[in-house]
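Written out below as structure tokens is the structure these notes cover.
Since every read-out is calculated from the coordinates, none of them should be taken as a lab result. Computed from a prediction, not measured in an experiment: that's the story for all the values here. So basically every Cβ, Gly included, is an ideal-geometry build from the backbone, and we count neighbours across all protein chains shown.
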Amino acid sequence: EVQLVESGGGLVEPGGSLRLSCAASGFTFNTYTMNWVRQAPGKGLEWVSSICPTSTYIYYADSVKGRFTISRDNPKNSLYLQINNLRAEDTAVYYCAREIPAAMTGFDFWGQGTLVTVSS
Amino acid sequence: AIRMTQSPSSFSASTGDRVTITCRATQDISSYLAWYQQKPGKAPKLLIYAASTLQSGVPSRFSGSGSGTDFTLTISCLQSEDFATYYCQQYYTYPRTFGQGTKVEIK
């Protein structure tokens, strides 16, 4: 059974940092592009970042570039998102989602999300 | 960045209705278009990819069409479990972008 389980969310003050994790199981993790997508309370979906299977290609949304760092550890079947200098507008549920690279299949499986709240 | 615009943003419908949601891209994305369904408190679920290919396990009452810049999601006979918010997404290029969502409510 495919599983993606996010963790690491919580309440943090503006300017603080967090490291989100996504534990993958039930599929060959090192063959998938992995993504982070966030959703602010009551708002739509916003793509945040993507990392290819070998970590060679990494992409970020302009809204997070320079503050967020995506990484992965293939032997540990884990995806990470280091979030620095947090702002109120980063408050959201953060989802990880997998994608077959160079295929027209979209984000075919998503985790249940972890909530990040930025507030003093 | 490619902007995705869905219409309508929300509407009310009854079970059994045929409903159509449209999605327009600001530039040609070929068929690199996916549709997702999201229910409150849940993760999005992939319904359709490559504009018209039904994801495994998704009921056949869902269908997608279009290419280039104009796309549609159709639910042929709305069921109670279909009341949700629907998003389109382009994955033709980075940044990946989503439409703003279409909420389908019970009339």
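Of all residue pairs spaced 6 or more apart or on separate chains, those with beta-carbon atoms under 6 Å, a first member in segment B:70-91 that is acidic (Asp, Glu) and a second member that is surrounded by fewer than 23 Cβ atoms within 10 Å (Cβ to Cβ) are B:Asp70/B:Arg24; B:Asp82/B:Ile75. So in segment B:1-52, with the set limited to residues that are away from every other protein chain (no Cβ under 12 Å), under 10 Å from the mean Cα position of the chain (by Cα) and not hydroxyl-bearing (Ser, Thr, Tyr), which one is farthest from B:Ser67 (Cα to Cα)? Here the answer is B:Ile21.
Annotation: of all residues in segment B:69-107 being under 22 Å from A:Gly42 (Cβ atoms) and aromatic (Phe, Trp, Tyr), the one that is farthest from the other protein chains (Cβ to nearest Cβ) is B:Phe83. When segment A:48-85 is filtered for residues that are closer than 17 Å to A:Glu99 by Cβ and part of a loop (DSSP other than H, G, I, E, B), the ones remaining, listed by number, are A:Cys52, A:Pro53, A:Thr54, A:Ser55, A:Thr56, A:Tyr57, A:Ala61, A:Asn77.
When segment B:55-82 is filtered for residues that are hydrophobic (A, V, I, L, M, F, W, C) and surrounded by 17 or more Cβ atoms within 10 Å (Cβ to Cβ), the ones remaining, listed by number, are B:Phe62, B:Phe71, B:Leu73, B:Ile75, B:Leu78. Looking only at residues in segment B:9-28 that are in a strand (DSSP E or B) and of a type in the set (Val, Ile, Thr), the one that is farthest from B:Gly101 (Cα to Cα) is B:Val19. Every listed requirement among (1) surrounded by fewer than 20 Cβ atoms within 10 Å (Cβ to Cβ); (2) closer than 15 Å to B:Gln38 by Cα is met by B:Phe98 save one, (1). Only one of the numbered conditions (1) more than 13 Å from chain B (Cβ to nearest Cβ); (2) farther than 20 Å from B:Ala34 by Cβ; (3) not aliphatic (A, V, I, L, M) is not met by A:Asp62, and that is (1).
Identify the residue in segment B:29-54 that is part of a loop (DSSP other than H, G, I, E, B) and among the charged types (D, E, K, R) and, among all such residues, is farthest from A:Gly111 (Cα to Cα).
Step one: list which residues in segment B:29-54 are part of a loop (DSSP other than H, G, I, E, B), which gives B:29-32, B:39-44, B:50-52.
If we keep only those that are among the charged types (D, E, K, R) as well, we get B:39, B:42.
Numbers: B:Lys39: 14, B:Lys42: 9 Å.
The residue in question is B:Lys39.
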